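Comments concern the structure below.
Quick note: the coordinates plus some simple rules give every number you see, no bench work behind them. Fair warning: this is a prediction, and the values are worked out from it, not measured in the lab. With ideal geometry, Cβ positions are generated from the backbone for all residues, glycine too; neighbour counts draw on all protein chains shown.
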Amino acid sequence: MTDHPNAADGTPIGPEPRVPLVTADLEPMPAARAGRSRLARAMLAIGSAGLLGAMATDALAVAGRHAGIRLFGAIEIVQACIVLVATSAILLTTIVDGHARVHILLERLHAAASARLLRGADAVSALIFLWIAIGSAWLLADLWSAFELTEILHIPLRWLRAAWIAGAIATALILARRALRGARP
């Protein structure tokens, strides 16, 4: 590295900025831009609808409060939308391989060693999501006949839990397939 000169007198002020070796986190993956998978497009649509629903509900509730009209159950609707948004976001991020990574170690290893570490990370992540899905399914089974509902609007929580479990299982399957095959988008 060479020192770059000071603009005023030409004296070096420090080393030149280093160009990152790994640029995967700096711009969207091609798969994210192309939207190749039907599942990716479905998750994008569900997440977008959930986010729009949450924003619209909250905006109406705030406007209603200022106008003296109370919108009962707005928080419950927003919470239900957040389950859909979070589930679709995790699944979509997994589909396009957009999870955050620290590249300090990966960029210093040979390609084969780096690929093995990424496959190992995918395997561990798959096990974690499977564990979360099993725990959530256990909770769902325990509370299925309890007819658990929200307090004001009586939104059934079992279907939201079921949606989360389906998303967690799908995420675990995608990560497991990637860990076994080693193929990255």
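Among D97, D58, rank each residue by its count of other Cβ atoms within 10 Å, from fewest to most, as a rough exposure measure.
Exposure proxy ranking, most exposed first: D58, D97.
Neighbour counts of other C-beta atoms within 10 Å: give me L84, L52 arranged from fewest to most.
The order, fewest Cβ neighbours first, is L52, L84.
Count neighbours as other Cβ atoms within 10 Å of each site's Cβ, and list the chymotrypsin sites (Phe, Trp or Tyr not before Pro) in segment 92-185 that are DSSP loop with at most 14 such neighbours.
Listed in order of number, the matching sites are F147.
Mind jotting down a quarter of the surface of the convex hull over the alpha carbons of segment 35-181, in square nanometres, one decimal?
The directionally averaged projection comes out at 11.3 nm².
As a footprinting exposure proxy, order I169, I128 by other Cβ within 10 Å, with the fewest listed first.
Placing the least packed residue first, the sequence is I128, I169.
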